[in-house]
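Here the structure is laid out as structure tokens; the discussion comes afterwards.
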Amino acid sequence: MTDIPILVVGGGPAGASAAATLAEAGLRVLLVEQRDQLGGAIHRQAARGAAHAVHTPARHRRNWAELAQRIEAAGSRIELRTDTVFLGVDGDGRHLFDDRAAGRVFARTVRAAVIAVGAVEKIHPFEGWDLPGVMTAGGAQVLLKETGVPPTGPILVAGTGPLLLAVSAQLAKAGNPPVAVLERGRPWLRFNALLQMVGAGPQLGEAASYAATLLSQGVPYRTGTDILSVREDDAGLDIRVRRSGSLHRLRARHVLVHDGIEPNRVGIPLSDPDGAVPVVLAGDGREVLGADAAILDGRRAACTVLARLGMRRPDGQVEARLTAARNVQAALFNLFRSALPEPTPETLICRCEARRLSDFRSLPDDASTREIRLMGRFGMGVCQGRFCGPTIAALRGEAVPSAIPPRWPLRPVSLAALADLKTDDLES
């Protein structure tokens with residue numbers, strides 16, 4: 001039984017921290033990462049053969065170097081499977097994995113599972129968000145980290161939150177500073193939140209360095225500004241924005257938008273530390289607390305598993321530090337809190353079914369959830385309401401549940417590879 005590994009899904013800071021902590025306690029670990037390298041979004045490594053020229057704060061570099069050293073020191077106690085996707089659990093309790101490099105599905109038995117799949121980026125839809133040249137700021141940051149090359153042409157960064165500063169400064173250091181950064185909130189007017197941030201030394205220092213980079217490059221940082229619409233023409237993108245009640249027009253080749261992040265919960269197993277096979281969530285996939293806290297939360301998850309196996313008690317020091325990180329995130333939320341603008345009638349709400357706000361408004365005011373789905377076709381596409389669900393919930397004042405509960409697989413899988421899995425095909 002002791003040779004059966006602990007499964008850790010996700011090779012970002014939380015997953016790497018959990019894997020290292022479990023291995024250091026003498027346990028075997030199966031660490032599964034869907035990409036070809038560990039790192040996650042915050043520590044995304046350069047693509048094979050690409051130069052990694054993206055500026056990152058020194059503390060993040062130190063944190064990842066320490067984690068990588070711990071993973072390496074664990075040696076054979078950690079079995080690392082990259083290019084591999086965790087699919088779910090079959091009816092016999094086997095954990096299934098899709099080895100993308102080999103094109104095969106394999107099964108394993110595990111003692112417990114730590115799920116550390118990170119967060120997903122949010123976008124508040126506006127007219128034109130689906131046009132070529134418009135993408136999330138987080139997605140652009142990942143591409144920049146992987147290639148070291150920024151998008152060509154004028155770039156506008158807009159939305160809300162501290163990531164706007166980070167991405168904009170990294171673009172500037174990579175040689176293409178944005179034409180402007182448009183922040184929806186008014187952080188300078190949130191005095192109580194600013195006072196709460198005084199204790200967040202590392203985060204404040206990081207923000208100050210980003211701000212200094214933008215200031216040195218002459219990049220305007222406009223608060224209280226919303227994107228209302230983006231239209232495409234032969235010269236690029238025509239962007240209509242509203243600032244302090246007045247309308248303005250801007251032009252760019254790319255628009256990078258970001259409206260915060262939230263835990264990735266779609267199709268993810270519910271936390272069940274007391275189950276026959278304990279399942280514990282970790283990192284931003286459990287609670288968005290930031291990159292530094294994700295390492296702590298990975299340790300917390302590992303200690304929870306160890307306690308369940310009778311090997312260690314929970315670490316009270318870690319819980320106290322996570323509480324401090326939670327307070328910082330609450331202050332950040334208040335700092336950037338702002339009202340969302342009403343989308344225009346032509347705004348695409350459901351990309352899967354090409355349904356716009358005008359289509360939603362044409363439904364009866366008393367339409368039930370079922371009628372919204374079947375008559376309006378909202379939430380009926382491939383994503384099953386992952387994108388449009390929150391927007392519709394905000395428009396109608398109550399949640400629009402999925403037609404089905406989250407189910408396996410977590411990610412698409414080749415039917416041919418799945419069909420090749422034999423009922424007795426269980427890796428040791």
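The values are calculated or read from the model by the stated rules, or taken from the named source; none is laboratory data. In this text, all values refer to a predicted model and were calculated from it rather than measured experimentally. Because the Cβ atoms are built from the backbone with ideal geometry, glycine has one as well, and the counts that use them run over all protein chains shown. All accessible areas refer to the heavy atoms of the entire protein, side chains included, with ligands and DNA or RNA removed. Shrake-Rupley method; radii C 1.70, N 1.55, O 1.52, S 1.80 Å.
Below are the figures for this structure:
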quantity	calculated
Every pair of residues 6+ apart whose Cβ atoms lie under 9 Å, when the first sits in the range 212-231 and is hydroxyl-bearing (Ser, Thr, Tyr) while the second is part of a loop (DSSP other than H, G, I, E, B) and open to solvent by 20 Å² or more (accessible area, probe 1.4 Å)	Thr213/His55; Thr213/Pro177; Thr223/Arg184; Thr223/Arg186; Thr225/Arg184; Thr225/Ser244; Ser229/Thr344; Ser229/Glu346
Out of Leu250, Leu182, sole residue that is farther than 21 Å from Thr56 by Cα, modelled with pLDDT of 95 or more, touching a Ser or Thr at 6+ places or on another chain (Cβ under 7 Å) and not basic (Lys, Arg)	Leu182
Counted residues, the range 87-131 - those being among the aromatic types (Phe, Trp, Tyr) and either touching a helix residue (DSSP H, G or I) at 6+ places or on another chain (Cβ under 9 Å) or open to solvent by less than 10 Å² (accessible area, probe 1.4 Å) (or both)	2
Set Ala14, Ala20: member being assigned to a helix (DSSP H, G or I), at pLDDT 95 or above and closer than 18 Å to Val85 by Cβ	Ala14
Residues located in the range 132-154, provided they are touching a strand residue (DSSP E or B) at 6+ places or on another chain (Cβ under 8 Å), open to solvent by 40 Å² or more (accessible area, probe 1.4 Å) and in a loop (DSSP other than H, G, I, E, B)	Pro132, Pro154
Number of positions in the range 249-274 that are surrounded by fewer than 24 Cβ atoms within 10 Å (Cβ to Cβ) and closer than 30 Å to Ala235 by Cβ	7
Ala73 being at pLDDT 95 or above and either in contact with a strand residue (DSSP E or B) (Cβ under 9 Å, 6 or more places away or on another chain) or part of a helix (DSSP H, G or I) (or both)	yes
Meets criteria (in a helix (DSSP H, G or I) and either open to solvent by 30 Å² or more (accessible area, probe 1.4 Å) or not hydrophobic (A, V, I, L, M, F, W, C) (or both)) for Asn176	no
Condition check for Arg313: open to solvent by 70 Å² or more (accessible area, probe 1.4 Å) and not in a loop (DSSP other than H, G, I, E, B)	no
Top-ranked residue of the range 196-231 - restricted to ones that are open to solvent by less than 40 Å² (accessible area, probe 1.4 Å), touching a Lys or Arg at 6+ places or on another chain (Cβ under 7 Å) and not in a helix (DSSP H, G or I), ranked as nearest to Asp259 (Cα to Cα)	Asp226
Breaking point among (1) surrounded by 19 or more Cβ atoms within 10 Å (Cβ to Cβ); (2) aliphatic (A, V, I, L, M); (3) part of a loop (DSSP other than H, G, I, E, B), for Val277	(1)
Odd one out for Gly381, checked against (1) in a loop (DSSP other than H, G, I, E, B); (2) open to solvent by 60 Å² or more (accessible area, probe 1.4 Å); (3) within 25 Å of Gln34 (Cβ to Cβ); (4) at pLDDT 75 or above	(2)
Selected residue (only one of Leu171, Leu204, Leu195, Leu144 is without any contact (Cβ under 8 Å) to a residue 12 or more places away in the chain and within 22 Å of the chain's Cα centre (by Cα))	Leu204
